[in-house]
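Notes follow the structure.
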Amino acid sequence: MTASALPRLFIDADACPVKDEVYRVAARYGLHVFVVSNSWINTPRETWIEQVVVGAGPDIADDWIAERAGPGDIVITADIPLADRCLKAGAQALKSNGQPFTPDSIGSALAGRMVGEHLRSMGVATSGPPPFGPKDRSAFLQALDQAVVRAKRVILAGPGR
């Protein structure tokens with residue numbers, strides 16, 4: 001496969017706990033990684049890792065990723081609206097715990113997010129995500145590996161980017 005025929009990985013990096021795992025998988029498969037954030041993040045100095053620092057403000061990093069991710073690409077994010085946009089563009093989206101966002105699950109995830117926002121606006125205390133642990137890291141590595149295999153199939157089956 002040529003470099004343009006390989007999946008690209010986009011990391012919504014500001015709060016991503018699995019950047020090192022993404023780098024490991026990308027190195028194994030020879031993939032290009034975009035590390036997108038609102039401020040500088042220490043990243044390995046590799047030609048296949050591209051740090052993208054966007055302006056400060058809500059959703060600017062999300063917009064940068066959503067405008068570029070498409071079929072055959074993989075986005076690592078906990079941001080549900082970003083995942084929705086990427087899925088609609090044909091990309092895959094994974095949470096840092098390895099759970100994929102899918103066309104079948106994104107609607108209920110968006111609805112749950114809206115309910116949580118509504119409850120918080122009314123002053124109701126809601127719980128955040130569960131603590132991130134070694135099992136999540138392992139599940140993420142397995143899910144990312146599977147996503148790369150699926151992405152390669154998509155690229156081989158469809159028109160290029």
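With coordinates expressed along the principal axes, the C-alpha atoms belonging to the range 1-86 extend over 36, 28, 19 Å, beginning with the largest. In the range 1-77, the portion of solvent-accessible area held by carbon and sulfur atoms comes to 51 percent [1.4 Å probe, whole percent, DNA, RNA and ligands not counted].
Distant-in-sequence amide contacts of GLY72, defined by a placed amide H-H separation under 5 Å and a gap of 5 or more residues or a different chain, comprise GLN92. Each part gets one Cα centre, and for the range 22-100 versus the range 131-148 those centres are 16 Å apart.
Per-residue accessible area (protein heavy atoms, 1.4 Å probe) orders THR102, THR43, THR77 as THR102, THR43, THR77, starting from the largest.
The values are calculated or read from the model by the stated rules, or taken from the named source; none is laboratory data. For clarity, every value in this text was computed on a predicted model and none was experimentally measured. These area figures cover heavy atoms from the full protein model, side chains too; ligands, DNA and RNA do not enter into them. Shrake-Rupley method; radii C 1.70, N 1.55, O 1.52, S 1.80 Å.
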